[in-house]
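Enquirer: Let me begin by handing over the structure; questions about it come next.
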Amino acid sequence: MACTSERKDWLALAREVLDIEVQGLEAVRDQLNGPFVEALTAMAQCKGRVVITGLGKSGLVGRKIAATLSSTGTPSFFLHPVEGAHGDMGMIRGEDVVLALSNSGATDEVNAILPTLKSLGAKVIAMTSNPASTMAGLADIHIQVHVPREACPMGLAPTSSTTAQLAVGDALAVCLMEWKSFGKDDFKRFHPGGSLGQRLATCVDQLMHTDGLPVVLENAALKSALSTLNDGGLGLVAVVDEDNFLLGVLTDGDVRRMVCAGGLNMDLPVHDVMTRSPRRASAGESSARVLDLMEHSQITVLPVVRDDGRLAGMVHLHDLLGKGELTFSDGRAGRAD
């Protein structure tokens, strides 16, 4: 189709759209108040499922919110309001919580089923732009999501408003993850087919570095250890004895602290300045467990040792999160999602 507009500054228009949507998100952020926390509490304490309903563009947003909740530890599904009015409300139980979406709050198809949902015992949360709307009045809790204007130049196509609905849905999902202490192991269980899930399901042996490791003997001079540290590219040097038993480590952070303390004597043996008995992973340990240890300890590189304490390899945080390539046992190559 030929372009009939004389406008040429398409990038400027695109940036204007994004600016309008950012303004909308800022406005909605400032609107969040007590009802958001009430809704969050109801969803967190829900003994059943969180049921999302909406029509049109709000329905499409609702499907995404339901998918996000389900994959992050809050059982959820989407109920089409028309199908609900024709039998699908049989899926609803009294312990469920319903989140109804509508920008105007006047969507007849959704409002028509809310009284029945409440009569079944479900708590109803409405997310609309209008606290005086029919939907807000029918709901037990109302979250106001009002944007100053749509990005559509005619103000007709849902743009800023649906972006805001989606963002508030994400805010609920993330708050619920924190509420339920939803962690990496939980993510792995809910995403067994994803590359990150498969990566975290492997043992650390499959991800660790084993060739050309930055290693020095305990009697090596600090100057030699620093050279190995610089060439190793991992930010850590393992200090071992002649039988390859791990004795300690020297890290970039250790060097910074020595410099700041004015104690960088290049002729000292590295065993005098190394961190002794450092944190370590065990060969055969799950990658998910190692990742938890690294994040909890705020470290990016970890030595991996065998059962007898000998150095087996080193693993970097990026290896666990999928910044590099991973070859699975069946020969497939993958990256984190």
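The values are calculated or read from the model by the stated rules, or taken from the named source; none is laboratory data. These numbers come from a predicted model, not from an experiment. Note that each Cβ is placed from the backbone with ideal geometry, even for glycine, and that neighbours are counted across all protein chains shown. Protein only, heavy atoms only, side chains kept; ligands, DNA and RNA dropped before computing areas. Shrake-Rupley method; radii C 1.70, N 1.55, O 1.52, S 1.80 Å.
Enquirer: What pairs come out if I take residues in region 281-295 that are at positive phi and pair them with residues that are assigned to a helix (DSSP H, G or I) and hydrophobic (A, V, I, L, M, F, W, C) whose C-beta lies under 8 Å away, six or more apart or interchain?
Expert: Gly284/Val204
Enquirer: Applying the selection to region 35-63, what residues are among the basic types (Lys, Arg) and crowded, with 16+ Cβ neighbours inside 10 Å?
Expert: Step one: of region 35-63, the residues among the basic types (Lys, Arg) are 47, 49, 57, 63.
Those that are among the basic types (Lys, Arg) and crowded, with 16+ Cβ neighbours inside 10 Å: Arg49, Lys57.
Enquirer: I'm checking my understanding of the structure. Among residues of region 52-93 that are under 17 Å from the mean Cα position of the chain (by Cα) and farther than 18 Å from Ala42 by Cβ, which one is modelled with the highest pLDDT?
Expert: So the residue we want is Lys64.
Enquirer: Additional query: Report, ordered by the first and then the second residue, all pairs with beta carbons closer than 7 Å, sequence separation of six or more or different chains, a first member in region 94-114 that is modelled with pLDDT under 95, and a second member that is open to solvent by 60 Å² or more (accessible area, probe 1.4 Å) and aliphatic (A, V, I, L, M).
Expert: As it stands, the answer is Gly94/Leu120, since those pairs meet every condition given.
Enquirer: Quick one: count up the residues across region 94-122 that are open to solvent by 50 Å² or more (accessible area, probe 1.4 Å) and under 30 Å from the mean Cα position of the chain (by Cα). Write out each step before concluding.
Expert: Taking region 94-122 and keeping what is open to solvent by 50 Å² or more (accessible area, probe 1.4 Å), we get 95, 103-104, 106, 108-109, 112, 115-116, 118-120.
When the remaining residues are screened for being under 30 Å from the mean Cα position of the chain (by Cα), the result is 95, 103.
Number of matching residues: 2.
Enquirer: Among the residues of region 138-161, is any hydroxyl-bearing (Ser, Thr, Tyr), touching an Asp or Glu at 6+ places or on another chain (Cβ under 9 Å), closer than 17 Å to Ile65 by Cα and open to solvent by less than 20 Å² (accessible area, probe 1.4 Å)?
Expert: Step one: list which residues in region 138-161 are hydroxyl-bearing (Ser, Thr, Tyr), which gives 159-161.
The next check asks that each one be touching an Asp or Glu at 6+ places or on another chain (Cβ under 9 Å); those that pass are 159-161.
Filter once more, keeping what is closer than 17 Å to Ile65 by Cα: 159-161.
Imposing the further condition that a residue be open to solvent by less than 20 Å² (accessible area, probe 1.4 Å) reduces the set to 160-161.
The answer is yes; a qualifying residue exists.
Enquirer: To continue, here is another question. Out of region 21-34, which residues are surrounded by fewer than 20 Cβ atoms within 10 Å (Cβ to Cβ) and among the small types (Gly, Ala, Ser)?
Expert: Those that are surrounded by fewer than 20 Cβ atoms within 10 Å (Cβ to Cβ) and among the small types (Gly, Ala, Ser): Ala27, Gly34.
Enquirer: Let me ask another. When region 162-179 is examined, which residues are found to be within 15 Å of Val37 (Cα to Cα) and open to solvent by 20 Å² or more (accessible area, probe 1.4 Å)? Outline the logic, then answer.
Expert: Here is the first cut: in region 162-179, the ones within 15 Å of Val37 (Cα to Cα) are 168-179.
Those that are within 15 Å of Val37 (Cα to Cα) and open to solvent by 20 Å² or more (accessible area, probe 1.4 Å): Asp170, Ala171, Val174, Cys175, Met177, Glu178, Trp179.
Enquirer: Next question. Among the hydrophobic types (A, V, I, L, M, F, W, C), touching a residue at least 60 places away in the same chain (Cβ under 8 Å) and in contact with a His (Cβ under 9 Å, 6 or more places away or on another chain) - does that describe any residue in region 211-228? Show your work before the answer.
Expert: Applying the first criterion (among the hydrophobic types (A, V, I, L, M, F, W, C)) to region 211-228 yields 213, 215-217, 220-222, 225-226.
Applying the additional criterion that residues be touching a residue at least 60 places away in the same chain (Cβ under 8 Å) yields 213, 215.
Subset that is in contact with a His (Cβ under 9 Å, 6 or more places away or on another chain): none.
Checked against the condition, which is being among the hydrophobic types (A, V, I, L, M, F, W, C), touching a residue at least 60 places away in the same chain (Cβ under 8 Å) and in contact with a His (Cβ under 9 Å, 6 or more places away or on another chain), region 211-228 yields no hits at all.
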